[in-house]
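Only one structure is covered here, and it is reproduced in the block below.
Computed from the coordinates by the stated procedures, all read-outs in this text should not be read as laboratory data. Not measured: the values here are computed from a predicted model. Please note: Cβ atoms are built from the backbone with ideal geometry, for glycine as well, and neighbour counts cover all protein chains shown.
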Amino acid sequence: MSASATAPLGIYVSIPFCRAKCTYCNFASDVFPAARLDGYVHAICREIRGRRTHCLAKRMQLPGGADSIYLGGGTPSTLAPHHLRQIFDALRESFDVFPDAEITVECAPGQISDAFLAECCTQGVNRVSLGVQSFVDAEAAAVGRRHGRSTVLADLARLRAAGVSNINVDLIAGLPRQTAASWRESLQVALDTGVPHVSVYMLDVDEDSRLGRELLTGGEKYGAQRTPGDEATAAMYEEACAMLGQGGLLQYEISNFARPGQQSRHNLKYWDGVPYVGFGLDAHSCLPGRDGDWFRTANPDAMDSYLEDPMSPAVERISRTGQIEERWFLGLRRTCGVSLPELQAEFGTEALTAFAGVVQAAVKEGLLEHGHARIRLTPRGRLFANEIFARFLDVLPPVSEALPRNLEHEVTIA
Ligand code: SF4
């Protein structure tokens, strides 16, 4: 069992209720009737309380101590205070939540009631992630957001007055109507607010959102014709890396920037290969087994199926090959990259040698770089991250369950 298997747990709770569906959204969230909230929260609490028994039956380990909780969505700020209380009661009954745990709630600007904020503080919420997407009002409105810049600034003041200063702002590059100048304006406003964390995403173009479908198949309803295009969006991303870095928000992952010491503890768990558990619609978990193996679980992504049976996620054992591949491409998401000695210590020499060709080719192309016994993406490589990650799949033969654990020699990979 690796040391990471015994790390404290991260807990994710999915609240897929939104007041309106943003045109770019490809999540399982929706504008479900508010009347369904009671039943949904009841199902989540059942799931939280029953998960340990489920894990035992499936030979998975569920760590007892948790040092991060993340309520995401959807829009968790649609919950009533008593819903929040019910969820935290179930979590604290089922887990030992550390006193210094990072507890994050995602909120939509303009949708944070005083009562909700007060209950967050009572429950120990110490971090808020705001789905801003753009500080330019016409851009936010074009994708269905219901807030403007002044609303966001007012919410930031309210959160700080309530004692929550650890705040993330989400921004999206590539929105309809966005230009290089308007993007710089959004970045500058984000910097001027003094928030310690900003996440920057490039618009997803896939058929799971209305805007994405329109981009793929044509149409004018959602503004696809007015999106900046791939090259301009890539340039916006590079501008974000430069501006945020100059403003003291250092990039620590492909999409995430933080002032020193204010990285998201919860999100780091997804890339560092430590256990996390997810509750609610479409929530995923990654948990160690009893014998050095790991498991991934996935809840239903259809509301009716989840409510019918919140206790039976799909369970998949992650093969040893899969663990090594994930360690590569999840590690490469981090700015610090993949530590070769750590990879070798955990999986043996072959976890390095098998990928030497892939790494060397990407280094030659200027997409990866090496130094201080680590391999990392170059700034250019971050623009092609998904393509690079795909190269790490299917390199090892599926029979590598019995990889030799040769801890004795150092391997030079690049
Ligand atoms: S608020 Fe977030 S989850 Fe809800 S529709 Fe918009 S992007 Fe999707």
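Listed values, structure above:
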item	result
Distance histogram for the chain (every C-alpha pair counted, 20 angstrom bins, percent rounded to whole numbers)	25, 58, 17, 0
The stretch 3-270: relative contact order in percent, alpha carbon pairs under 8 Å with at least 6 residues between	17
The stretch 48-117 versus the stretch 124-203: alpha-carbon centroid distance in Å	24
Dipole magnitude of the chain, debye to nearest 20 (Cβ charges: Lys/Arg +1, Asp/Glu -1, about Cα centre)	540
Estimated 222 nm signal from helices in the chain, with DSSP H stretches of n ≥ 4 weighted -39500 (n - 2.57), rounded to 500	-11500 deg cm²/dmol
Label-point gap, in nm, between Thr217 and Ala57 - each point 7 angstrom along Cα→Cβ	4.0
Within straight-line cross-link reach of Lys269, lysines at Cα separation under 24 Å, skipping those fewer than 8 residues along the same chain	Lys58
Sites Glu316 and Asp206, calculated FRET efficiency, Cβ-Cβ separation with R0 25 Å, nearest 0.05	0.65
Local net charge near Leu9, Cβ-Cβ under 14 Å (Lys/Arg +1, Asp/Glu -1)	+1
